[in-house]
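K.L.:
Structure provided below as structure tokens; questions to follow.
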Amino acid sequence: MRDPSWSCHLLHVDMDAFYASVMVRDRPDLDDVPVIVGGGYRGVVLSANYLARGSGVRSGMPMTRARRACPAAVVVPPDYDTFSTVSSSVIETFRRITPTVEVVSLDEAFLDVSGTARRLGSPLQIAEYLRARVHDEQRITCSVGVAASVSIAKLASRRAKPDGVLVVPPGEVTTFVHPLDVGELWGVGEKTAGQLHRLGLHTVGDVAHTPLRTLQRAVGQALGRQLHDLAWGTDRSTIAARDASVFGGDPDKSMGAQETFGRDTDDREVVLREMLRLAARVSNRMRVAGVAGRTVTITVRFADFTTVTRSRTLPEATDVTREIHQTATRLYDALGLQRARVRLVGVRVEGLVPRASVQRQLVLGEREHGWADADRAVDRAALRFGSSAVRPASLLP
DNA sequence: TCTGGGGTCCTAGGACCC
DNA sequence: TCTGGGGTCCTAGGACCC
């Protein structure tokens, strides 16, 4: 009998409990123990192994709740350097199979195997080969969805978890997706699922049989269209070879940093000092990437979790710490807060363009150039002596 | 000790311009 | 002088994804 995966050309590969798997693979003592990656004060679960998930632990869950749900769990802090090293190796393994690899995140990628299927066998055989290679080389497992469109492959890999493969050929798409809950669809989170449920739409099949107009009235123009496509499996079927973290990928449109305080604060000086730290971090990343941006946005989250944003578009794109921080300060002061308890602040620069394309107006002149020069001196010192070597006076301990 | 941090995209209203 | 449509930019908020 003919292997049904021959009618598919896309693989979606998803590492199983990636962070948790990486953290425990060199620790035999954690083999049969529930493990949660996360921690810190006021944090959330980044990843949990399947033993911890068995107790109801989910990623994104507040750590306090996770510890209550699974008191026996060992909590380990994340090690991002190791995560990205392992991730790069896994991607390399993928690229040895096909050059067309679209990297979604550290633990997820799409592969187009239409060019390699003859050499290495059917897409299903390639999926099994790939899983074996990853396991041999990295001692962690992954799951693979095989289909003819992006979203079906992604749904398939989720159903294949953990440590499995699922093939959904085109002829079986509707029988596969229609029974699923609407919440499984890409782009449907808690809010949209609730909205759809209120309309009496619970399964993907319900969505499929709802007129496009009705859908769009309920959830908006774009999302309505998208859900309609997903429900019939008529979404994107091609991928673009790209790697988010490497030169040649899509350029960033914004860069930002935010931080939750260890304790809520109503002290303007504390908030502004934090914003300076964030502005310095962001502008340094911008200069390393060789970009500048015109719109500065701040985020302020209060103790009750309500969140506001304020933004201001500058006449000229900038990558200068002082300009970003000054703009952020003005935006913060314009909020006119009186003893409001602040939980988190963030600074983001949007509308990024290559710095080389920015004509800095000479009239703005010398002073600002002075600050830009200072930034570059700080960057050089940070490169040589570490990022804590040089910092604004107000950030000295 | 409820609820991180990095992003992207969409919507909607108002300003402004043609 | 009783009323047009686009298009673009800016701002704020919201939803979602990993």
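K.L.:
What number does the range A:1-171 give for Rg over Rh if you use C-alpha atoms and the Kirkwood radius?
P.N.:
1.02
K.L.:
Moving to a separate point now. Tell me, how many Å apart are the Cα centres for the range A:14-55 and for the range A:271-318?
P.N.:
32 Å
K.L.:
Turning to a different aspect of this structure: When the scattering of the range A:263-306 is computed by the Debye formula from its Cα atoms alone, each counted once and equally, what is log10 I(q)/I(0) at q = 0.20, 0.24, 0.33 Å⁻¹?
P.N.:
-0.77, -0.93, -1.21
K.L.:
What trypsin sites (Lys or Arg not before Pro) in the range A:226-310 are in a loop by DSSP, with at most 15 other Cβ atoms within 10 Å of the Cβ? All intermediate terms of the calculation are to be shown ahead of the outcome.
P.N.:
On the way: sites: A:Arg236, A:Arg242, A:Lys253, A:Arg263, A:Arg268, A:Arg273, A:Arg277, A:Arg281, A:Arg285, A:Arg287, A:Arg294, A:Arg301, A:Arg310; in loops: A:Arg236, A:Lys253.
Those satisfying the criteria are A:Arg236, A:Lys253.
K.L.:
Then there is this: Report in % the part of the accessible area of chain A that belongs to carbon and sulfur, leaving out ligands and nucleic acids; probe 1.4 Å.
P.N.:
Summing carbon and sulfur atoms, their accessible area is 52 percent of the total for chain A.
K.L.:
Continuing with the same structure: Per q in 0.17, 0.23, 0.25, 0.32 1/Å, what log10 I(q)/I(0) does a Debye calculation on the alpha-carbon atoms of the range A:44-94 return?
P.N.:
For the range A:44-94 at q = 0.17, 0.23, 0.25, 0.32 Å⁻¹, log10 I(q)/I(0) is -0.59, -0.81, -0.87, -1.17.
K.L.:
Based on the alpha-carbon gyration tensor of the range A:254-395, what equivalent-ellipsoid semi-axes (square roots of 5 times the eigenvalues) come out, in whole Å, largest first?
P.N.:
26, 18, 13
K.L.:
Here is a follow-up. If you bin every alpha carbon distance in the range A:83-143 into 10 Å steps from zero, what whole percent lands in each bin?
P.N.:
Using 10 Å bins, I get a P(r) of 22, 59, 18, 0 for the range A:83-143.
K.L.:
What is the spin-label model distance, in nm, from A:Ala72 to A:Tyr41 if the labels are put 7 Å beyond Cα along the C-beta direction?
P.N.:
Between A:Ala72 and A:Tyr41, the label points sit 3.1 nm apart.
K.L.:
Once you place label points 7 Å from the Cα toward the Cβ at A:Arg198 and A:Gln125, how far apart are they in nm?
P.N.:
5.3 nm
K.L.:
Measure of size requested: the Rg and Dmax of chain A, with Cα atoms as the atom set and Å as the unit; please supply both.
P.N.:
Just the Cα atoms of chain A yield Rg and Dmax of 24.3, 76 Å.
K.L.:
For A:Arg341 and A:Val308 in the same chain, what is the full-extension length gain: residue separation times 0.36 nm, less their Cα-Cα distance, in nm?
P.N.:
10.6 nm
K.L.:
Between A:Asp373 and A:Ser254, what's the calculated FRET efficiency when r is the beta-carbon distance and R0 is 25 Å? Round to 0.05.
P.N.:
Plugging the Cβ-Cβ distance into 1/(1 + (r/R0)^6) gives 0.50.
K.L.:
Any chance you could list P(r) for the range A:1-70, counting all Cα-Cα pairs in 5 angstrom bins from zero, rounded to whole %?
P.N.:
Pairs per bin, as whole percents: 3, 16, 22, 18, 12, 6, 6, 8, 5, 2, 1, 0.
K.L.:
Provide the FRET efficiency to the nearest 0.05 for the A:Asp3-A:Ser105 pair, computing r from the beta carbons and using R0 = 25 Å.
P.N.:
The formula returns an efficiency of 0.25 here.
K.L.:
Still on this model: Please give the FRET efficiency for A:Arg391 paired with A:Thr214, using the beta carbon to beta carbon distance and R0 = 56 Å, rounded to the nearest 0.05. Please report the intermediate quantities before stating the final value.
P.N.:
Numbers: r = 56 Å, r/R0 = 1.00.
The calculated FRET efficiency here is 0.50.
K.L.:
Roughly what would the spin-label model give for A:Arg263 and A:Thr174, points 7 Å off Cα along C-beta, in nm?
P.N.:
Between A:Arg263 and A:Thr174, the simple spin-label model gives 6.2 nm.
K.L.:
Over the range A:178-231, consider all pairs of different Cα atoms and compute the Kirkwood hydrodynamic radius from their mean reciprocal separation; express it in Å, one decimal.
P.N.:
Across the range A:178-231, the inverse of the average 1/r is 10.4 Å.
K.L.:
Please work out the average accessible area per residue across chain A, using the 1.4 Å probe convention, and give it in Å².
P.N.:
Averaged over the residues of chain A, the accessible area is 53 Å².
K.L.:
If each residue of separation counts as 0.36 nm, what is the full-extension length gain between A:Arg285 and A:Asp31 once their alpha-carbon separation is subtracted?
P.N.:
Full extension of this stretch gives 87.6 nm more.
K.L.:
Moving on to the next point. Suppose every K and R has +1 on its Cβ and every D and E has -1 on its Cβ; what is the size of the dipole of chain A about the Cα centre, in Debye to the nearest 20?
P.N.:
Roughly 860 debye, rounded to the nearest 20.
The values are calculated or read from the model by the stated rules, or taken from the named source; none is laboratory data. If you're wondering where the values come from, they're calculated on a predicted model, not measured in any experiment. Virtual Cβ from ideal backbone geometry, glycine too; neighbours counted across all protein chains shown. The protein model used for the area step is the full one, side chains on, heavy atoms only, and it has no ligands, DNA or RNA in it. Shrake-Rupley method; radii C 1.70, N 1.55, O 1.52, S 1.80 Å.
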